[in-house]
4 protein chains.
Amino acid sequence: MQIGMIGLGRMGSNMVQRLMKNGHSAVVFDARAQSIEDLHKLGATGSSSLADFVSKLEKPRAVWMMLPAAIVDNELTKLIPLLEDGDIIIDGGNSHYHDDIRRAAMLKQKGIHYVDVGTSGGVFGLQRGYCLMIGGETATVQHLSPIFATLAPGADGTVEGTPNRTEVAAAGSTAEQGFLHCGPHGAGHFVKMVHNGIEYGLMAAYAEGFNVLRHANIGLQTAEIDAETTPLSHPEYYQYNLDVAEISEVWRRGSVITSWLLDLTADALHADPALSQYAGRVSDSGEGRWTISAAIDEGVPTPVLSAALYGRFSSRGNDDFANQVLSAMRAGFGGHHEKPPVK
Amino acid sequence: MQIGMIGLGRMGSNMVQRLMKNGHSAVVFDARAQSIEDLHKLGATGSSSLADFVSKLEKPRAVWMMLPAAIVDNELTKLIPLLEDGDIIIDGGNSHYHDDIRRAAMLKQKGIHYVDVGTSGGVFGLQRGYCLMIGGETATVQHLSPIFATLAPGADGTVEGTPNRTEVAAAGSTAEQGFLHCGPHGAGHFVKMVHNGIEYGLMAAYAEGFNVLRHANIGLQTAEIDAETTPLSHPEYYQYNLDVAEISEVWRRGSVITSWLLDLTADALHADPALSQYAGRVSDSGEGRWTISAAIDEGVPTPVLSAALYGRFSSRGNDDFANQVLSAMRAGFGGHHEKPPVK
Amino acid sequence: MQIGMIGLGRMGSNMVQRLMKNGHSAVVFDARAQSIEDLHKLGATGSSSLADFVSKLEKPRAVWMMLPAAIVDNELTKLIPLLEDGDIIIDGGNSHYHDDIRRAAMLKQKGIHYVDVGTSGGVFGLQRGYCLMIGGETATVQHLSPIFATLAPGADGTVEGTPNRTEVAAAGSTAEQGFLHCGPHGAGHFVKMVHNGIEYGLMAAYAEGFNVLRHANIGLQTAEIDAETTPLSHPEYYQYNLDVAEISEVWRRGSVITSWLLDLTADALHADPALSQYAGRVSDSGEGRWTISAAIDEGVPTPVLSAALYGRFSSRGNDDFANQVLSAMRAGFGGHHEKPPVK
Amino acid sequence: MQIGMIGLGRMGSNMVQRLMKNGHSAVVFDARAQSIEDLHKLGATGSSSLADFVSKLEKPRAVWMMLPAAIVDNELTKLIPLLEDGDIIIDGGNSHYHDDIRRAAMLKQKGIHYVDVGTSGGVFGLQRGYCLMIGGETATVQHLSPIFATLAPGADGTVEGTPNRTEVAAAGSTAEQGFLHCGPHGAGHFVKMVHNGIEYGLMAAYAEGFNVLRHANIGLQTAEIDAETTPLSHPEYYQYNLDVAEISEVWRRGSVITSWLLDLTADALHADPALSQYAGRVSDSGEGRWTISAAIDEGVPTPVLSAALYGRFSSRGNDDFANQVLSAMRAGFGGHHEKPPVK
């Protein structure tokens, strides 16, 4: 079927390509003309303006937006007047699910259908397919099934089945194909939000572990002796110069902690075990934060997911004032002076 | 080659079977005669006592101990007098690596070699193979290579290679086969310890995420209004009855958080989405604790791994007195009374 | 001056009494007639309805609401039509500061002034005075100064001055008297919110510490030996039966951790060192949650304050499903069974 | 009575002065001659060597060591041969209680008594007195009571009594005077260790809260819009430029979170609300770490105390490699590039 795609960045462009390779047609639009041109060469129908874009779509139109969360509402304001009763807007980006609920209610008054799709898979999605978590009305979601089925990996056998997943349990569910209608408006982005919250936790667990491995040689270093520095009681226990790259590789083989994130880590550590191209300033792009806020609303404890998020905040220096307060207190009660960094 | 196995529980028994299926021979011993008999039927040489066990081993003897960490030293005390210069003891269980360092030094004086092997793979290892993290002298580790190569999964192609892992980088390393000589005595169990620390963090990340999903319907419940209870400001955002089993399934397909632990979770949730057979009292078996202690010695922050460990402590009620202190304080400054559980 | 008080619970009633003792007059209203009658006996003017209450107030009316956050908006809906241009509403309860901003804007259209007052001090406030954190327009806040000055402790010398607080720095500030105009609408409750967030962290720090003290005797207990239980390597280090009550007392004397919360804890532990009247189900009343949400919006890491909040969630069993997921995973990969509680 | 003091740094020197002001005599020794000379001028008996020091002490000698934990054992090795049966060694520094247990057993064989004293109070102790937590044999501790009673603040009425602390409960206890015999060898440093663990948690709770206050103006800043940056949904909620110094002052007056640490914080914030003299590299001096290790041995969850400790580790850059791993993973799955710091 035909899809209109607004937003031809890394994700949007790859999705259009995956769709076209599998027999769908696409009308595309982006603020950057080059992005449109690139996809045009691959077979997509380009458009010179939002109005032109809309005019090229068959009714009921299906418009997929793949944009940074911060500009979706702005784009919607321009798009909505161009659409008609029965058209469909899909937000496949990383919107907050609160926005989905608000937009769906607003669009309903105009007869426009809204579907929120949480999309996971990153730059590998073009080949592997995307995991799609979908929220919206059942009829609209079913109408778009051919698109979802193509974007998703499909149950092609590369992933083993879940033994306890009987046919009865799975009846009518598309989860094995890699897309799932999770519930009403917002449910798709809600599930994607939690997915990313988990992702932060998983990443931090590996990162902390590799950091412990990397410092297993501290007993080989000379330590200072003063009242400000904790003596290392047993240097004999920290004499290991471990090969973190090879350890990441062996863990990929039969261990309990195998995962795709570990595969990626192994790859990065093999390229450079010191990861010296990275300064360690880690961004967070919204879902991790929203997961914690939702957990708190629910009264559900999420200490691991929060710790992972806070680590990112601190990596960007957002703990600086708190640390200054600590140093000020220490100076206050103990006359302690800060120690300069060891060169 | 021949291996002697002491400790024929879940792990030890499966390892013997995997070895025998691939052409090795085994002499086995356990406190439970039935366990010996069961393996005898499968082709192992049984033994009636520790002395009998030792007498049946070819020199230099290779004795693999697969025992709870708490009884290893006791068993060693009985075993050592029966061994000779040049024999090898392998501790494949979950010993603290401090103990490895101590034991290796002690055994060296008697000319006995010691190898510590962290073993991951659980009940699936019999089929999948075990991920082996090895510490000890190079010559001894190499002598045992045939055993390790059989127990490990092997580079059979079911796990894709790591793109950046060039032949040069990997020269001489067996990591792709699923076993790795990590360093001197204790290095194997050190790496396994951190592996398990990571495992705790990964598990908790998923568990917290699924808990957030499960409570996405709190807006459908009636809330109390009193000064002790936080009102849910926006019940309209928590109206989702999510199918956690199907969500775990879709996440297995192309998402960033695919992993073996997720596969297992999906299986459990398909068997019973409410997991009602579990009370939620979660054991911890040592390595998670030791990882934190090592991290603290190193001065490496591990907030995620710690939070995961503490969650297990709390699941067993070990936070009770702390919570009573909190309730006592609240009564003290605010006259707050504890609210009974909602039925 | 005259104040009207709606909400005569623990806090509202005590505040009226403190005001009247110091020469102010009060008109009071509550849903419970008995509460009105009790204060009437102490000199307050009672009222039979909200309309009656409003009619007895001098213009410009100053109406102080001391109600559970969940019912403030409902009460406001009834109150507003009875008020006039120039009247003042003070919310002294625990409202979310978002609500302050919304209400102030709404009331401004009717010419009604709104002041948000975060109030700390609990049941001791009647004698000690209340710490007041105030948000609103400067003129309105100054108009109410006599009320604030009476409710606050006052700079009576029982609290020592801050050495670095020069007269210049403090010019025009009432902080030393125990009340502070923190900023525009919502600033009072924002500061109170963070105050409570800190309070949660402080309380948890003490609670965890006392829990560590209480279990300093675990080496005296007999431990099980199995693969599910971590052996205690050094029971000789945990042989202390500590007197937590006496320790709390000595810490009150010259230590770095002296505080009012410690005073309260010492009192509770002296009444019963086992705190057996408390089950350890700890409520949270909103501000702790909102502090974390604000911190996350700001990108400020608050691992300590979050951990304190999550501990309360877990104390009420909200981590149950997460723990069941953990047990299910452990059963999945290791065949581990849950261990029942030790009797 | 007479005390011998080894270690005349900030703490040791002040303690000698406090003792001498109250009628005790002191023999002093330090590696720095100037420190000895300074106290000599104030009335102490100096000594030219450890042997000279010991020779000037009356039997049974009472030698108080006030040294960095890392050099105590070294000093003991030199001291012990100079002492006799019946002499007493007091370790008033921050030794690990494990070391106390070991040393006491070793000294017992020589007939020398050992007492461990955890000392809190910092640079203010000279005037305020020190809170003393004591471990050792009852007879020895009682013998030293006159020293402890002088060093401690004493029950002089500046600290109010604990209402529930009845005479019966308190019989024979010196806790109200500010010193307490907590238990056998090591109990003093165990309790001091937990005291410091709590101290870390309290400090971090305040520090995090002040950091949230300080960033309450982020809505006034211009934000970037890209897929790497979370948009601030509601800038209108973060428009507060708060005066953290005045807030710290008002919290000292009648709030629930009054404490000595808050007093110190208020003082530092009044000197400079930006705390610009501090870089925010926060040391940790041992007890915080040991508290966590003990908690883990006990199976007691200490999420707040751990988070406080880890914040210090991260403030010194010890999380760098973990953060690099996170950035490498993000580059791997999403092609995300690190964003440089905002100037």
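The values are calculated or read from the model by the stated rules, or taken from the named source; none is laboratory data. Quantities reported herein were computed from a predicted structural model and do not represent experimental measurements. Using ideal geometry, Cβ is built from the backbone for each residue, glycine included, and neighbour counts are taken over all protein chains shown. Accessible surface is based on the protein model in full, side chains and every heavy atom, while ligands, DNA and RNA are left aside. Shrake-Rupley method; radii C 1.70, N 1.55, O 1.52, S 1.80 Å.
Pairs only if they're at least six apart or on different chains, beta carbon under 6 angstrom, first in the range D:91-106 and assigned by the TED database to the domain that holds D:Asp73 and in contact (Cβ under 8 Å) with a residue 24 or more places away in the chain, second assigned to a helix (DSSP H, G or I) and among the small types (Gly, Ala, Ser); list them, first residue then second.
Final answer for the pair search is D:Gly93/D:Ala69; D:Asn94/D:Ala69; D:Ser95/D:Ala69.
With the requirement that a residue be more than 8 Å from chain A (Cβ to nearest Cβ) and open to solvent by less than 10 Å² (accessible area, probe 1.4 Å), what does the range D:274-283 give you?
none
For the range A:63-96, which positions are assigned to a helix (DSSP H, G or I) and not charged (D, E, K, R)?
A:Ala69, A:Ala70, A:Ile71, A:Val72, A:Asn74, A:Leu76, A:Thr77, A:Leu79, A:Ile80, A:Pro81, A:Leu82 - these are the residues of the range A:63-96 that are assigned to a helix (DSSP H, G or I) and not charged (D, E, K, R).
Kindly indicate which of C:Glu298, C:Glu338 is in contact with a helix residue (DSSP H, G or I) (Cβ under 8 Å, 6 or more places away or on another chain) and within 30 Å of A:Asp319 (Cα to Cα).
From the options C:Glu298, C:Glu338, the qualifying one is C:Glu298.
Residues are listed down the side, and each one gets a yes or a no for (1) part of a helix (DSSP H, G or I); (2) in contact with a Gly (Cβ under 9 Å, 6 or more places away or on another chain):
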position: C:Pro273; (1), (2): no, no
position: C:Gln277; (1), (2): no, no
position: C:Leu305; (1), (2): yes, yes
position: C:Asn323; (1), (2): yes, yes
position: C:Leu326; (1), (2): yes, yes
position: C:Ala331; (1), (2): yes, no
position: C:His337; (1), (2): no, no
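Quick grid of which residues meet (1) in a loop (DSSP other than H, G, I, E, B); (2) within 7 Å of chain C (Cβ to nearest Cβ); (3) among the hydrophobic types (A, V, I, L, M, F, W, C); (4) surrounded by 21 or more Cβ atoms within 10 Å (Cβ to Cβ):
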{"position": "D:Asp156", "(1), (2), (3), (4)": "yes, no, no, no"}
{"position": "D:Ser173", "(1), (2), (3), (4)": "yes, yes, no, no"}
{"position": "D:Cys182", "(1), (2), (3), (4)": "no, yes, yes, yes"}
{"position": "D:His185", "(1), (2), (3), (4)": "yes, no, no, yes"}
{"position": "D:Val191", "(1), (2), (3), (4)": "no, yes, yes, yes"}
{"position": "D:Ile198", "(1), (2), (3), (4)": "no, yes, yes, yes"}
{"position": "D:Met203", "(1), (2), (3), (4)": "no, no, yes, yes"}
{"position": "D:Ala207", "(1), (2), (3), (4)": "no, no, yes, yes"}
{"position": "D:Asn211", "(1), (2), (3), (4)": "no, yes, no, yes"}
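Would you point out the residue of the range A:114-132, among those that are closer than 19 Å to A:Leu39 by Cβ and hydroxyl-bearing (Ser, Thr, Tyr), that is farthest from the other protein chains (Cβ to nearest Cβ)?
Within the range A:114-132, the match that is farthest from the other protein chains (Cβ to nearest Cβ) is A:Thr119.
Looking at the range A:70-95, which of its residues are within 12 Å of chain D (Cβ to nearest Cβ) and under 13 Å from A:Val117 (Cβ atoms)?
A:Val72, A:Gly93, A:Asn94, A:Ser95
Out of the range A:261-273, which residues are in contact with a helix residue (DSSP H, G or I) (Cβ under 8 Å, 6 or more places away or on another chain) and either of a type outside the set (Val, Ile, Thr) or open to solvent by 10 Å² or more (accessible area, probe 1.4 Å) (or both)?
A:Leu261, A:Leu262, A:Leu264, A:Ala266, A:Asp267, A:Ala268, A:Leu269, A:His270, A:Pro273 - these are the residues of the range A:261-273 that are in contact with a helix residue (DSSP H, G or I) (Cβ under 8 Å, 6 or more places away or on another chain) and either of a type outside the set (Val, Ile, Thr) or open to solvent by 10 Å² or more (accessible area, probe 1.4 Å) (or both).
Report whether or not C:Asp52 is open to solvent by 20 Å² or more (accessible area, probe 1.4 Å) and within 29 Å of the chain's Cα centre (by Cα). If you could, list the steps in order and put the result at the bottom.
Values: open to solvent by 20 Å² or more (accessible area, probe 1.4 Å): yes; within 29 Å of the chain's Cα centre (by Cα): no.
So C:Asp52 fails the test.
Just name the residue that is most open to solvent (accessible area, probe 1.4 Å) out of those in the range A:289-327 that are more than 8 Å from chain D (Cβ to nearest Cβ) and acidic (Asp, Glu).
The qualifying residue most open to solvent (accessible area, probe 1.4 Å) is A:Asp297.
Conditions tested, residue by residue: (1) farther than 24 Å from D:Phe190 by Cβ; (2) under 22 Å from the mean Cα position of the chain (by Cα); (3) buried (at least 17 other Cβ atoms within 10 Å of the Cβ); (4) of a type in the set (Val, Ile, Thr).
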residue: D:His24; (1), (2), (3), (4): yes, no, no, no
residue: D:Trp64; (1), (2), (3), (4): no, yes, yes, no
residue: D:Asp73; (1), (2), (3), (4): no, yes, no, no
residue: D:Leu79; (1), (2), (3), (4): no, no, yes, no
residue: D:Gly86; (1), (2), (3), (4): yes, no, no, no
residue: D:Asn94; (1), (2), (3), (4): no, yes, yes, no
residue: D:Asp100; (1), (2), (3), (4): no, yes, yes, no
residue: D:Ala104; (1), (2), (3), (4): no, no, yes, no
residue: D:Gly111; (1), (2), (3), (4): yes, no, no, no
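Given the structure, is A:Gly161 among the small types (Gly, Ala, Ser) and open to solvent by less than 10 Å² (accessible area, probe 1.4 Å)?
So A:Gly161 fails the test.
Quick check on the range D:133-153. Is at least one of its residues open to solvent by 10 Å² or more (accessible area, probe 1.4 Å), facing chain C (nearest Cβ under 9 Å) and assigned to a loop (DSSP other than H, G, I, E, B)?
Within the range D:133-153, one or more residues are open to solvent by 10 Å² or more (accessible area, probe 1.4 Å), facing chain C (nearest Cβ under 9 Å) and assigned to a loop (DSSP other than H, G, I, E, B).
Is there a residue being surrounded by fewer than 22 Cβ atoms within 10 Å (Cβ to Cβ) and closer than 23 Å to A:Gly288 by Cβ anywhere in the range A:36-49?
Within the range A:36-49, not a single residue is surrounded by fewer than 22 Cβ atoms within 10 Å (Cβ to Cβ) and closer than 23 Å to A:Gly288 by Cβ.
Considering each residue of the range C:241-258, count those that are crowded, with 24+ Cβ neighbours inside 10 Å and of a type in the set (S, T, N, Q), and give that number.
Number satisfying all stated conditions: 2.
With the condition kept exactly as written, say whether any residue in the range C:253-261 is in a helix (DSSP H, G or I), within 9 Å of chain B (Cβ to nearest Cβ) and at pLDDT 95 or above.
Yes.
Within the range A:33-41, can one find any residue that is of a type outside the set (Lys, Arg) and not in a helix (DSSP H, G or I)? Even if it seems obvious, please write down each step before you answer.
First, the residues of the range A:33-41 that are of a type outside the set (Lys, Arg): A:33-40.
Filter once more, so that each one left must be not in a helix (DSSP H, G or I): none.
No - not one qualifying residue is present in the range A:33-41.
Quick one: which residue in C:Gly157, C:Gly178 is in contact with a Cys (Cβ under 8 Å, 6 or more places away or on another chain) and not hydrophobic (A, V, I, L, M, F, W, C)?
When all the criteria are applied, what remains is C:Gly178.
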